[in-house]
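**Q** Okay, here's the structure, questions in a sec.
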Amino acid sequence: MKPSAPFHRAALLLVATLLLPLAACSSDDDSSKSTDGRSSNTSEAGGTFDAAECDGTAESPDVRFVVDACGRVVMLRGVNVESSSKGTTQEGDHLPASGLQGQAALSNWGWNSVRFLVFWGAIEPEKDKFNEAYLDKVEEWLDWYADNDIHVVLDMHQDLYAWKVGFDGAPDWAVDSKGVEKGPRDENAPWYLAGTDPAVQNAFQSFWNPEPGQADLQSEWLDALAHLAERFADHPAVIGYDVMNEPSFANGDLEATLAIQAQAAAGEFQNPNLTQFMQRGIEAVRRHDQDSWVMIEPTSLLNAFPYPGDLVFEDLKDTRDGPPRLSYAGHLYEPSVHDGGGYAPSSTYVDEWEKYRSEEAARMQGVLWFGEWGGAPDQSRMTEFITEVTSMADRQMAGWAWWSWDPGGWSPVKEDGTTLSSNGEALLRVQPRAIAGTPSEFAWAAGDKVFTMDWTGRDDAHGPTELAVPARLFDKGIRVVLDGEEITDLGWDRDRSVLAVSPETTTGTHTICLEPTNGNKCR
Ligand code: 9MR
C-alpha cells in the first residue's frame, strides 16, 4: 500500500471494518512427501543424518509448535509472496510478478517459509471448473520452495471480497452485490476505505449472511479450498493452508461493524458465524490432507485493534487423528505504522497484541503465527517497530510472515529485487529454522549480535538443528558455543545463511550461543 496521510481517529474505525473485516516439512508429513528426498534436510552437520528417517510420522511435542517431516520443530519465519499476484481483474496469471528466480534472495535472511497467495477466482474461474493450468503454475513455485527447504503456507487471499467489487479474491460468478455496481475509487485514499462501497458490503452480506434463495457461497469457497488441499496434500513444500485472508464483515454491514467496536473493545464480541466458517475450513482441508496445519484468522477488525478475539476458540476442533494441527493466524498491523505515520514511542499496540493473541492461541490449542505484518521503511522508528515485534515473536516462540516480498515499497528488498531496503536490514537476524527437539527459549540481541537458545532433544526428531545465520551480519565470521564447547568445524552454509549443528547426544538438554568471531559473551 502507498502510505498516505498520517493515521487518525476517523480512519481508525474504517481500518477496523475493512482492513480488518468481520462475520465470521514440509510437514505434511505423510511418507510420500519425504520419500522424494526434498522435504528432508540436506545440511548434514555431524554426518549421522539419514533422510530416510524422516517419514513424517512424528507428531509435534506441543500444540504450540509446527514440526517438519523429520519431527523437528519449525519456527515459521518468512515473507508473503506476493501482493502483485492479485492483479486487477479475475483474468491474468495471478502469479508473483517478481518471478521465481527472484526468490533466491530469500537466502539473505535464511528464512524457512513463505505465505503464498492464491485466489478462489484463479482456482475456480468458472463455477465447478477448477483451473488446473493455474495450479500447475503454482506447483512450479512449490517445487522450487521444496528444492530450497522453504515451507509454504497456501493463503486463500481476498481483499474486499472480489475484483468485481473490491480488489481480489472471489470469482466474478460468486459475487452477489444485489444489483449494486462497484463505485468510483479515490486512488489517493488508503485502499481499505473502498470497503465503504455498498457493492463491497452487499457482496460480503451475500457471502456471510445469505437470505433465502441466495447461493451458499461459503460452501463454494470451502470446496475450492478442499480442491487446493487435494492437489497439494502430498507436496513436500506445503505445510499449511490459511482458510481466508482477513475475513471481513462477517457480522453484518459497515454500520453493524462500526456498532460492535465498543463491544469488541470490552471483549464482549463473539462471532459464531466466522467461527463456524473456520471450523468448516478445517474440515475442508482434512477431506484430503491430514498432516498440514490449518491457519485460522479472526475478524480483520483485530488486526488494527488488539481487542480480545472474536472467535469462539474452544469450538474450533481439528478433526484429524492425533493432536491438533491448527494455527491462530491473525495479522499484526499497528495502525499508524500501516498507514505510514511512524511508530509512536507511546504505542501500546505490540504489548496488547501479545497479551491477547498468545492467550487466545493457547485456548485454541494452536500455533501462534503472524500471517502478515509490515509497514513502509521510510517512517519514524520503523526499525524499532521491527525489533520490538521480532523480539516479541521470539519471546512467544511464534512464527511470522512479513508483508510483503513485492520488491520496493514495504519489501525487504528494493526495486532491483536484491539490494536490501532498510526494512530488510532490520529483518536480518539469527533465529531458529528447525530444532531437533523442543525449544524452551531463544533470543537475539541485535546490538551485540548474540543469539542464545535452549532446547531438549527428542528421539523422534531427526537431522541437525538449523539456525538462520545471515552471512551479511557476520562478515568476519561467527563463534558458536554448543553445550559449553566451542565448535571448530562449523556447518555454516553462507550462501543459504543456514548453520546446522548436531549435539553429541540426541536427547537431554542443549544450549547454543552464537556471536561474531571476536565476541566474548558466549561461554
Ligand atoms: O499492500 C497492498 C496494497 O498495495 C494493495 O493496494 C491492497 C489492496 O489489494 O492490499 C495491500 O495488502 C494488504 C493485504 O492484501 C491484506 N492485509 C493488509 C495488506 C496491507 O494493507
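The values are calculated or read from the model by the stated rules, or taken from the named source; none is laboratory data. Since the model is a prediction, treat every value here as computed from it, not as a measurement. Cβ coordinates were reconstructed from backbone atoms using ideal geometry, including for glycine residues, and neighbour counts include every protein chain displayed. We work out accessible area using only protein heavy atoms, side chains counted, and drop any ligands, DNA or RNA first. Shrake-Rupley method; radii C 1.70, N 1.55, O 1.52, S 1.80 Å.
**Q** Per q in 0.11, 0.19, 0.23 1/Å, what log10 I(q)/I(0) does a Debye calculation on the alpha-carbon atoms of segment 168-280 return?
**A** The calculated log intensity ratios at q = 0.11, 0.19, 0.23 Å⁻¹ are -0.45, -1.14, -1.37.
**Q** Turning to a different aspect of this structure: Kindly state, as a whole number, the per residue volume in cubic angstrom of the convex hull around the alpha carbon atoms of segment 48-196.
**A** Spelled out: Cα convex hull of segment 48-196, divided by residues, is 175 Å³.
**Q** Separate question: Counting each pair of different Cα atoms once, what's the Kirkwood radius of segment 333-394 in Å, rounded to one decimal?
**A** 12.3
**Q** Follow-up question, since we're still on this one. Restricting to segment 79-178, compute how many DSSP beta bridges are antiparallel as a %, nearest 5.
**A** Within segment 79-178, antiparallel bridges account for around 15 percent of the total.
**Q** Determine the percent antiparallel among the DSSP beta bridges restricted to the chain, to the nearest 5.
**A** In the chain, approximately 55 percent of DSSP beta bridges are antiparallel ones.
**Q** Please give the charge dipole size of segment 306-394, origin at the Cα centre, charges +1 on K and R Cβ atoms and -1 on D and E Cβ atoms. Round to the nearest 20 debye.
**A** 200
**Q** For segment 389-470, take the alpha-carbon Rg, divide it by the Kirkwood Rh, and send me Rg/Rh.
**A** For segment 389-470, the value is 1.04.
**Q** How big is the chain by the Kirkwood estimate over distinct Cα pairs, in Å?
**A** 23.0
**Q** Here is a follow-up. Can you tell me which lysines have their Cα less than 26 Å from the Cα of Lys449? Leave out same-chain residues fewer than eight positions away.
**A** Within the straight-line cut-off, Lys449 pairs with Lys414, Lys476, Lys521.
**Q** Here's another thing I want to ask about it. Check the straight Cα-Cα distances from Lys182 and name the aspartates and glutamates below 18 Å, setting aside those fewer than 8 residues away within the same chain.
**A** By straight Cα distance, Lys182 reaches Glu91, Asp159, Asp168, Asp172, Asp197, Asp253.
**Q** Report the convex hull volume per residue for segment 303-448, counting only C-alpha atoms, in Å³.
**A** Hull volume over Cα atoms, normalised by residue count, gives 137 Å³.
**Q** Can you list, bin by bin at 5 Å, the percent of alpha carbon pairs in segment 402-523, starting at 0?
**A** Over segment 402-523, the share of Cα pairs per 5 Å bin runs 2, 11, 20, 21, 18, 12, 9, 5, 2, 0 percent.
**Q** Follow-up. Probe 1.4 Å, all protein chains in place: accessible area of Met156 in Å², nearest 10?
**A** Its accessible surface works out to 0 Å², give or take rounding.
**Q** State the Kirkwood hydrodynamic radius of segment 286-381 in Å, one decimal place, computed from all pairs of distinct Cα atoms.
**A** One decimal place: 14.5 Å for the Kirkwood radius.
**Q** Can you quote the Å³ per residue value for the convex hull of the Cα atoms in segment 84-172, rounded to an integer?
**A** Hull volume normalised by residue count: 91 Å³.
**Q** Give me the three principal axis extents of segment 249-297 from the C-alpha atoms, as integers in angstrom, largest value leading.
**A** So the three principal-axis extents are 39, 20, 12 Å.
**Q** Then there is this: At 1.4 Å probe size, with no ligands or nucleic acids counted, give the accessible surface of Phe269 in Å², nearest ten.
**A** Per-residue accessible area (Phe269): approximately 20 Å².
**Q** Suppose only helical runs count, i.e. DSSP H with n ≥ 4. What mean residue ellipticity at 222 nm does that imply for the chain under -39500 (n - 2.57) per run, divided by all residues and rounded to the nearest 500 deg cm²/dmol?
**A** Value at 222 nm, helices only: -7000 deg cm²/dmol.
**Q** How many percent of Cα pairs in segment 222-347 exceed 22 Å?
**A** The answer is 42 percent, as a whole percent.
**Q** Among the GluC sites (Glu not before Pro) within segment 262-341, which fall in a DSSP loop and have no more than 14 other Cβ atoms within 10 Å of their own Cβ?
**A** Glu268
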